[in-house]
Amino acid sequence: MNRTKKFLALAGILLMGSWAHATTNKYRLTLRDDPSTTIVIGWNQVSGSGATVYYGPTDLGTNWSAYPNSKTPDRTVSDKGMTNTFARITGLQPNTNYYFVIKDSEGNSARYWFRTCPNTPSERLSFIAGGDSRNNATPRRNANKLVAKLKPHAVLFGGDMTDGGSNSEWGEWFDDWQLTIASDGRMFPIVATRGNHESSNSIIYNLFDVPSSEVYYALTFGGSLIRTYTLNTETSITGTQTNWLVNDLQASSGITWKTAQYHKPMRPHTSSKSEGNTQYSSWAQPFYDYGVRLVVECDAHTVKTTWPVMPSTGGGSDEGFIQENTNGTVYAGEGCWGAPLRTNNDDKTWTRNSGMFNQFKWVFVDQQKIEMRTINVDNADQVGSVSNNDPFTIPSNLNIWNPSNGSVITIMGGNTPPICNVTSPSTGTDYSSLQAITINVSASDADGSVTQVEFFVNGSSVGTDAPSPYSRSWTFPDWGSYALTAVATDDDGATTTSNTVYITATAPGSGECISIQADFNNFESGWGIWNDGGSDCARVSNSTYANSGSYSLQLRDNSSSSYSNTDVIDLSSFEEVTVSFSYMCNSMDNSNEDFWLQISTNGGSSYTTVEEWNLNDEFVNNQRYNDAVTIQGPFPSNVRFRFVCDASGNSDWVYIDDIDITGCSSGPVKHLVINDGSFGDTAADGIDEEDMEDIVVYPNPFSEKFTVDVSQVEGSGEISVYNIEGKLVYRKAVTGGQPVTDVHPGELPSGVYYLVVKFGNLTASHKLLKY
């Protein structure tokens with residue numbers, strides 16, 4: 001046995017051993033919706049119960065309880081000997097790393113991560129496209145390893161994953177698919193197609209949770225950069241499927257590029273395969289008419305690329321196509337991810353090149369062009385890896401096919417999109433009044449003219465302008481943070497979204513403040529300052545509903561006892577108070593069922609509702625949420641808070657945990673008094689408020705990292721970074737007496753964040769801007 005075989009055998013033994021003790025395995029990422037804001041995390045649930053995905057934009061390792069978000073499965077289906085489990089995660093930020101752990105009653109998975117796609121067409125994208133892996137393990141594994149090394153935004157897989165479709169074959173296929181996971185745990189989504197070796201649509205639907213049970217669908221990547229059509233040659237092509245395709249193509253005129261993938265080719269390049277006349281007669285003309293410039297086919301188990309072609313039976317045509325270099329469609333393929341190879345013995349006059357080897361296509365897409373390379377996968381172990389931040393530089397030893405007509409197929413767009421940039425104000429500008437400002441934009445078009453520029457604030461249009469110079473007056477409606485963008489449109493209808501500029505309006509006197517935690521309770525040791533409201537209020541032990549530990553506050557129904565309130569708290573020192581907490585609802589069954597946070601400023605004689613959470617507006621059942629409510633002062637010395645359940649029965653519950661009440665003041669902070677008993681000093685030994693006020697953060701705004709100068713503070717503390725929604729994205733233990741340099745909170749999206757520096761019971765907060 002040679003060294004490579006020994007290594008593979010040992011790796012297989014180790015992997016099998018780890019899976020034998022795992023409760024989840026056979027991990028996969030898929031897509032159902034916008035790749036910039038959603039993902040589907042799939043796995044096989046071997047045993048255990050209560051599986052939950054814990055995730056967030058900061059790498060917290062396998063410490064699942066530290067992640068700020070969680071998601072329970074949306075769909076579980078038994079098929080091919082697996083319990084296929086899918087958590088559909090939404091509300092993500094574009095072009096952002098997310099780290100996750102799957103936790104169930106028996107343990108947790110390793111930490112994995114993924115990166116959402118950009119949502120602007122100015123960002124370049126990378127794809128791998130191919131199919132027909134079947135049961136040839138060596139080339140299949142080689143191709144999978146190259147996915148991990150080339151790190152595409154998505155893998156377009158053209159079907160025929162296995163040969164016979166047995167449970168054992170599918171189990172082995174998913175075991176091999178784990179080789180697409182990079183060494184740092186990064187995973188890449190698969191866009192799955194049905195092939196003729198998948199005996200029914202349900203196989204693809206059940207194993208990959210694709211958007212359509214009919215297994216034809218479309219996904220748009222990069223905002224408006226590229227729309228990819230996944231079609232199904234193994235079901236009825238004419239009628240409903242083709243009507244859907246044509247209607248969607250017509251509705252997608254604003255997309256820069258359109259591509260398609262499906263299994264059986266129109267014109268296979270091996271003579272043993274019959275012509276795909278139905279797909280030719282149904283799809284070739286719409287592809288040409290509506291600008292589908294690249295099609296990836298499979299099934300024939302050979303290698304081919306074509307010149308750009310259009311449907312034609314006239315002079316010079318061959319098998320229904322003729323070369324058309326301006327707007328024609330390039331057809332590529334045809335399989336070879338591991339299926340038995342076939343001879344390339346059926347070239348056409350419009351064939352660019354053909355061959356016979358194990359391969360897939362590596363595709364780069366930007367606004368000006370598509371670049372496609374054919375990758376021979378046989379030397380996967382010798383190939384280097386691209387970096388996570390640059391998937392476009394060719395790695396060492398990558399075997400790129402270089403036939404007679406060249407190694408790179410370049411498809412140029414018919415129109416160069418305009419250039420658009422917000423030139424003023426600049427990111428980080430802070431205004432001290434709710435004033436009118438002028439937003440200025442520069443826009444130009446290399447091959448035409450700009451017809452208009454539309455201005456957006458926080459994603460909402462605030463008007464248009466034309467011709468140049470492009471500007472728009474806008475007035476701050478309220479204090480807070482705002483994101484400015486613009487979209488330029490040229491005379492051919494192409495659009496470009498500008499850079500994002502982040503600005504703020506801060507009320508005078510509302511700058512940095514000293515904050516102090518008035519109370520925190522996770523209910524592990526008792527009620528604390530919270531009180532039992534009666535029969536419809538309880539402190540319960542159930543780790544499913546607790547955010548930390550086992551205990552949480554349970555409220556139900558809408559009776560006179562469906563509440564829990566605090567003791568009296570003296571908050572007279574504070575200008576504002578924030579109540580943050582974690583919650584999960586169960587069995588709320590109509591939109592009138594909700595729960596409230598209320599405040600009393602007269603010791604509990606009366607209460608005012610400050611926020612409410614409604615079913616389907618703020619929450620859905622059995623999903624964890626972390627929320628925070630900030631209440632502006634002034635406050636008296638006899639404040640009470642209470643949570644109230646407004647449901648309809650004893651089987652409608654809200655579980656509340658980790659309630660944190662924090663006050664903030666820009667002036668001197670007094671001792672807190674709760675129930676006339678001293679809550680605690682405002683500082684640890686050797687630390688006073690002046691020390692905390694001397695903490696300096698720079699640079700601000702920051703790009704990747706910043707420094708926190710705590711040289712005037714003694715002792716041990718910690719720094720935390722929260723996003724604008726109040727979710728923790730970074731935490732680090734620090735030691736006073738020296739600056740903390742190179743604070744690198746990860747690849748966060750641009751925007752407003754809050755830095756909290758805590759020493760003892762004293763806390764200082766700073767607003768950060770990341771650009």
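The values are calculated or read from the model by the stated rules, or taken from the named source; none is laboratory data. Fair warning: this is a prediction, and the values are worked out from it, not measured in the lab. All Cβ positions, even for glycine, are placed from backbone atoms using ideal geometry, and neighbour counts span all protein chains on display.
Restricting to segment 30-44, count the residues that are within 21 Å of Tyr54 (Cβ to Cβ) and touching a Lys or Arg at 6+ places or on another chain (Cβ under 9 Å).
Counting residues in segment 30-44 that are within 21 Å of Tyr54 (Cβ to Cβ) and touching a Lys or Arg at 6+ places or on another chain (Cβ under 9 Å) gives 8.
Restricting to segment 187-228, count the residues that are within 27 Å of Ser122 (Cα to Cα), outside any loop (DSSP other than H, G, I, E, B), in contact with a Lys or Arg (Cβ under 7 Å, 6 or more places away or on another chain) and not aliphatic (A, V, I, L, M).
Number satisfying all stated conditions: 2.
Under the condition of being touching a Phe, Trp or Tyr at 6+ places or on another chain (Cβ under 6 Å) and among the hydrophobic types (A, V, I, L, M, F, W, C), which residue from segment 580-596 is surrounded by the fewest Cβ atoms within 10 Å (Cβ to Cβ)?
Ranking the candidates gives Met584 first.
Among the residues of segment 469-525, write down those that are at pLDDT below 90, of a type in the set (Val, Ile, Thr) and not in a loop (DSSP other than H, G, I, E, B).
Thr495, Thr496, Thr497, Val501, Ile503, Thr504, Ile514, Ile516
May I ask you to say which residue of Asn405, Asn397, Asn389 is farther than 30 Å from Ala505 by Cβ, touching a Phe, Trp or Tyr at 6+ places or on another chain (Cβ under 9 Å) and exposed (fewer than 13 other Cβ atoms within 10 Å of the Cβ)?
After applying the criteria, what remains is Asn405.
Of all the residues that make up segment 458-504, how many are of a type in the set (A, V, I, L, M, F, W, C) and surrounded by fewer than 18 Cβ atoms within 10 Å (Cβ to Cβ)?
6
Within segment 472-494, is there a residue that is small (Gly, Ala, Ser), in contact with a Phe, Trp or Tyr (Cβ under 6 Å, 6 or more places away or on another chain) and closer than 26 Å to Leu768 by Cα?
Within segment 472-494, one or more residues are small (Gly, Ala, Ser), in contact with a Phe, Trp or Tyr (Cβ under 6 Å, 6 or more places away or on another chain) and closer than 26 Å to Leu768 by Cα.
Given the criteria assigned by TED's automatic domain parsing to the domain that holds Met372, surrounded by fewer than 17 Cβ atoms within 10 Å (Cβ to Cβ) and in contact with a Phe, Trp or Tyr (Cβ under 8 Å, 6 or more places away or on another chain), does Gln250 qualify?
Answer is yes for this residue.
Which of the residues belonging to segment 65-119 are touching a helix residue (DSSP H, G or I) at 6+ places or on another chain (Cβ under 8 Å) and assigned to a loop (DSSP other than H, G, I, E, B)?
Lys80, Gly81
Considering only segment 534-544, I want to know if a residue exists there that is more than 30 Å from Ala51 (Cα to Cα) and either of a type in the set (Ser, Thr, Tyr) or surrounded by fewer than 20 Cβ atoms within 10 Å (Cβ to Cβ) (or both).
yes
Of all residues in segment 142-169, how many are in a helix (DSSP H, G or I) and crowded, with 22+ Cβ neighbours inside 10 Å?
The total comes to 5.
Answer yes or no as to whether Gly528 is without any contact (Cβ under 8 Å) to a residue 12 or more places away in the chain and over 30 Å from Ser224 (Cβ atoms).
For Gly528, the condition - without any contact (Cβ under 8 Å) to a residue 12 or more places away in the chain and over 30 Å from Ser224 (Cβ atoms) - is met.
Yes or no, residue by residue, for (1) among the β-branched types (Val, Ile, Thr); (2) in contact with an Asp or Glu (Cβ under 6 Å, 6 or more places away or on another chain); (3) over 17 Å from Gly746 (Cα atoms):
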| site | (1), (2), (3) |
| --- | --- |
| Pro57 | no, no, no |
| Leu60 | no, no, no |
| Ala66 | no, no, no |
| Lys71 | no, no, yes |
| Asp79 | no, no, yes |
| Thr96 | yes, no, no |
| Ile102 | yes, no, yes |
| Ser109 | no, no, yes |
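Is there a residue in segment 415-430 that is surrounded by fewer than 15 Cβ atoms within 10 Å (Cβ to Cβ), more than 24 Å from Asp346 (Cα to Cα) and touching a residue at least 24 places away in the same chain (Cβ under 8 Å)?
Yes, segment 415-430 contains at least one residue that is surrounded by fewer than 15 Cβ atoms within 10 Å (Cβ to Cβ), more than 24 Å from Asp346 (Cα to Cα) and touching a residue at least 24 places away in the same chain (Cβ under 8 Å).
Kindly list, by first and then second residue, each pair from a residue in segment 700-721 that is at positive phi to a residue that is surrounded by 20 or more Cβ atoms within 10 Å (Cβ to Cβ) and among the β-branched types (Val, Ile, Thr), limited to pairs with Cβ atoms under 8 Å and residues at least 6 apart or on different chains.
The qualifying pairs are Gly715/Ile687.
Show the residue pairs meeting these rules: Cβ distance below 8 Å; 6+ apart or different chains; first residue within segment 313-335 and in the same structural domain as Ala260 (by TED's automatic domain parsing); second residue part of a loop (DSSP other than H, G, I, E, B) and of a type in the set (Phe, Trp, Tyr).
As it stands, the answer is Asp318/Trp350; Phe321/Trp350; Ile322/Trp350; Gln323/Trp307; Gln323/Trp350; Asn325/Trp307; Gly328/Trp307; Val330/Trp307, since those pairs meet every condition given.
With (1) free of Cβ contacts under 8 Å to residues at least 24 places away in the same chain; (2) surrounded by fewer than 21 Cβ atoms within 10 Å (Cβ to Cβ); (3) in contact with a Lys or Arg (Cβ under 8 Å, 6 or more places away or on another chain); (4) not polar (S, T, N, Q) as the list, and Ala182 as the residue in question, which single condition is left unmet?
(1)
Show me the strands (runs of 3 or more DSSP E) found entirely inside segment 243-357 where at least 2 residues are under 22 Å from Leu225 (Cα atoms).
The qualifying strands (runs of 3 or more DSSP E) are 257-261, 292-296, 330-333.
Within segment 259-284, how many residues are in contact (Cβ under 8 Å) with a residue 60 or more places away in the chain and of a type in the set (Phe, Trp, Tyr)?
Of the residues in that region, 1 qualify.
Assess whether Ala110 counts as being surrounded by fewer than 20 Cβ atoms within 10 Å (Cβ to Cβ), over 16 Å from the mean Cα position of the chain (by Cα), of a type in the set (A, V, I, L, M, F, W, C) and modelled with pLDDT under 95.
No, not satisfied.
This table checks each residue for (1) in contact with a strand residue (DSSP E or B) (Cβ under 9 Å, 6 or more places away or on another chain); (2) at pLDDT below 95.
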site: Gln285; (1), (2): yes, no
site: Val295; (1), (2): yes, no
site: Cys298; (1), (2): yes, no
site: Thr305; (1), (2): yes, no
site: Val309; (1), (2): yes, no
site: Gly316; (1), (2): yes, yes
site: Glu319; (1), (2): no, no
site: Gln323; (1), (2): yes, no
